[in-house]
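Here the structure comes first, spelled out in structure tokens, and everything after it is commentary.
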Amino acid sequence: MGVMTRWLDPDEQRTWRAFLTASRALMEALDRELQRDAGMPHAYYEILVRLSEAPERRLRMSDLADASGSSRSRLSHAVTRLEAAGWVRREHCPTDRRGQIALLTDDGFAALAAAAPGHVDGVRRHLFDALSPAQVDQLRRISEALADRLTRP
């Protein structure tokens, strides 16, 4: 006996499509602006941010992949590109011979510092300026509920 499919009603369908369109368009706009203004995709910016916030600006590659929501292989490819730019350096992990640590270099920190004002301006223009304070609060609560449900083990 099969499980009954719970189809979306018209309001749910409209909500789902609006959410999908808005989230894709927001990320595409932010990515396009970071590429244009800072020469990096949003995924690389996210890696630099995570490293900048870590103690001594270093994280195990596996922890960095988890924090940035990236697969290990995708992160490794991105770090290789960031190394070529001189923004990140890899080191061997002293406690695990197979593990590696990604370290944000001074040049990488400078690139992040140069990119951050334009990125924050884009987030403000594309997201927060379009919403009322009550909608911002609702969006935060909705996003936290989704993140909690989707990241729960």
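What is the diffusion coefficient of the chain in µm²/s, taking the Kirkwood radius over Cα pairs and the Stokes-Einstein relation at 37 °C with a viscosity of 0.692 mPa s?
Numbers: Rh = 17.9 Å.
In µm²/s, the coefficient rounds to 184.
Taken along the Cα-to-beta-carbon direction at a fixed 7 Å, the label points for SER23 and ALA134 span 2.5 nm. Between SER76 and CYS93, the modelled labels are 1.4 nm apart [label points 7 Å from Cα along Cα→Cβ]. Can you compute the FRET efficiency between ARG60 and THR15 using 1/(1 + (r/R0)^6), with r the Cβ-Cβ distance and R0 = 41 Å? Round to the nearest 0.05. The pair ARG60/THR15 has a calculated efficiency of 0.60. Against the longest alpha carbon principal axis of the chain, how many degrees, from 0 to 90 and to the nearest 10, is the axis of helix 133-151 turned? Rounded to the nearest ten degrees, it is 70.
Using only the alpha-carbon atoms, how far is helix 42-53 inclined from the longest principal axis of the chain? Give it as 0 to 90 degrees, nearest 10. So the helix axis and the longest Cα principal axis differ by about 60 degrees.
Provide the three semi-axes, in whole Å and in decreasing order, of the ellipsoid equivalent to the range 45-88 as defined by the square roots of 5 times the Cα gyration tensor eigenvalues. List each step's numbers first, then the result.
Details: eigenvalues 40, 36, 13 Å².
Each semi-axis is √(5λ); the values are 14, 13, 8 Å.
Using mean Cβ contacts within 10 Å as the protection proxy, how do 58-69, 123-134 order, highest first? Walk me through the numbers before you get to the answer.
Values: 58-69: 17.4, 123-134: 11.4.
Highest mean packing first, the order is 58-69, 123-134.
A simple spin-label model places the labels of ALA147 and ALA113 2.7 nm from each other, with each point 7 Å out along Cα-to-Cβ.
Roughly speaking, what is the centre-to-centre gap between the range 69-93 and the range 99-153 when only Cα atoms are used, to the nearest Å? Value for the Cα centre distance between the two parts: 20 Å. Against the main long axis of the alpha-carbon atoms of the chain, helix 106-126 sits at an angle near 10°.
Compute and list, largest first, the equivalent-ellipsoid semi-axes of the range 29-116 from the alpha carbon gyration tensor, each √(5λ) rounded to a whole angstrom. Could the numbers behind the result be given before it?
On the way: eigenvalues 93, 36, 23 Å².
Semi-axes (√(5λ), whole Å): 22, 13, 11.
Computed from the coordinates by the stated procedures, all read-outs in this text should not be read as laboratory data. Every value quoted in this text rests on a predicted model; they were computed, and no experiment measured them. Virtual Cβ from ideal backbone geometry, glycine too; neighbours counted across all protein chains shown.
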